[in-house]
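See structure below.
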């Protein structure tokens, strides 16, 4: 049993047949080769597979591909524009908020959604918004600093 | 890849209950943050799923002119935490919603799923117990409304009959108007953790220094979320003081049936019930317009 779905990934229209058991993570990573979507825990704990679905940070490992029908998906590959890094990406580089890089796409996408919301965040609120992402290398100080920097006007 | 043998999507409640009546072995899925995790962990080996995700009529939070708050079962925790109706009228539920999981989980997980999963640690349950919420359940034959206290039967067991789905959570104005409330979740981590204990209290005052009544809902203090009736009875029309609050909290422990698990021992949970109940009461009294307590 397969189902035909149509959605957009980083502004590009995609149509394909998926099985109901396939996750969005698997479709993005293994069929469409957006390898910036990382598979970490596979149970929605670590946030490495986070993508933006209609602008909302979502764990793609516990999101069935059939649910993506009609949605707009953004992965880390769609964040830089015309070869130029986004403000969030630049802040991560400048603050040294990256070590091995496995958690980075998820953090950057959540931070991107925060910037695009136009809301102001206190430091505590930033920590809360990032709490669905695990980083096992750097500790979180530099990541929090990078997000604070991205949110500055 | 999850082992999903059959997959149905309903777009109306009527269609959902019809599909469920025709295919009684289907498992209902909404946000997916419990069902898919259970499938991944092997607790459910394979499943036919009925998705409610396209049932738009279950996505709303509404307050009727007479004050009845209705929460559709597909409302997400992010929605609950940000909704002005919830924040202004039943803040204990907004606080509980914000304590659940992390942002990505709150973006997906639904209040209906949280309740139907039936675990004693369901973050939305203590507040809904304290608010005397009612649940609207529907099947092909019709609907019924039951108190939330009758919905939780045991760990992972709820009062849904074969073919029935939860459509709405209802909170009546007489249960929140004039009340102050607060929720405290105790867990090892501030995010992405299951409650070791959850305490929700609401209280209404006769005057600044006297309770009218108090209602206390606890999570993880027994096989289901529960109410502390004896402590509530004691609190009725009592003068508010630090001693009264501590006495209410002490009596609250009597209603619990906590057990030891790797998360915490029975004794530790009982200690938490006593400590957190009076702390939550202190804040709830303030919110209800009462005296400040040291």
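Key figures for this structure:
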{"item": "Spans of helices (runs of 4 or more DSSP H) in the stretch B:1-120 with at least 3 residues farther than 18 Å from residue A:62 by Cα", "result": "B:13-22, B:77-82, B:84-89, B:91-98"}
{"item": "Single residue of the stretch B:80-129 satisfying the filter (without any contact (Cβ under 8 Å) to a residue 24 or more places away in the chain and within 11 Å of chain A (Cβ to nearest Cβ)) that is farthest from residue B:145 (Cα to Cα)", "result": "B:104"}
{"item": "Sole exception among (1) buried (at least 17 other Cβ atoms within 10 Å of the Cβ); (2) within 18 Å of residue A:116 (Cβ to Cβ) for residue A:80, by number", "result": "(1)"}
{"item": "Candidates A:107, A:92, A:102, filtered to the one that is buried (at least 20 other Cβ atoms within 10 Å of the Cβ), modelled with pLDDT of 95 or more and closer than 30 Å to residue A:20 by Cα", "result": "A:107"}
{"item": "Meets criteria (at positive phi, in contact with a strand residue (DSSP E or B) (Cβ under 7 Å, 6 or more places away or on another chain) and in contact (Cβ under 8 Å) with a residue 12 or more places away in the chain) for residue B:198", "result": "no"}
{"item": "Filter pass, residue B:231 being over 30 Å from residue A:128 (Cβ atoms), buried (at least 18 other Cβ atoms within 10 Å of the Cβ) and in contact (Cβ under 8 Å) with a residue 40 or more places away in the chain", "result": "yes"}
{"item": "Test: residue in the stretch A:40-51 that is part of a helix (DSSP H, G or I) and touching a strand residue (DSSP E or B) at 6+ places or on another chain (Cβ under 7 Å)", "result": "no"}
{"item": "Residues located in the stretch A:12-39, provided they are farther than 22 Å from residue B:5 by Cβ and either at the interface with chain B (Cβ under 10 Å from one of its Cβ atoms) or part of a strand (DSSP E or B) (or both)", "result": "A:12, A:13, A:14, A:15"}
{"item": "All positions within the stretch B:148-194 that are within 14 Å of chain A (Cβ to nearest Cβ), in contact with a strand residue (DSSP E or B) (Cβ under 9 Å, 6 or more places away or on another chain) and assigned to a loop (DSSP other than H, G, I, E, B)", "result": "B:187, B:193"}
{"item": "Extreme residue, nearest to the chain's Cα centre (by Cα), among residues of the stretch A:116-141 that are part of a helix (DSSP H, G or I) and surrounded by fewer than 18 Cβ atoms within 10 Å (Cβ to Cβ)", "result": "A:116"}
{"item": "Residues that are touching a strand residue (DSSP E or B) at 6+ places or on another chain (Cβ under 9 Å), touching a residue at least 12 places away in the same chain (Cβ under 8 Å) and surrounded by 13 or more Cβ atoms within 10 Å (Cβ to Cβ), drawn from the stretch B:130-145", "result": "B:130, B:131, B:132, B:133, B:134, B:135, B:136, B:137, B:138, B:139, B:143"}
{"item": "Single residue of the stretch B:16-71 satisfying the filter (without any contact (Cβ under 8 Å) to a residue 12 or more places away in the chain and over 22 Å from residue B:102 (Cβ atoms)) that is nearest to the other protein chains (Cβ to nearest Cβ)", "result": "B:42"}
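The values are calculated or read from the model by the stated rules, or taken from the named source; none is laboratory data. Just so it is clear, the model here is predicted, and its values are computed rather than measured. A quick note on method: Cβ atoms are made from the backbone with ideal geometry, for glycine too, and the neighbour counts reach across all protein chains shown.
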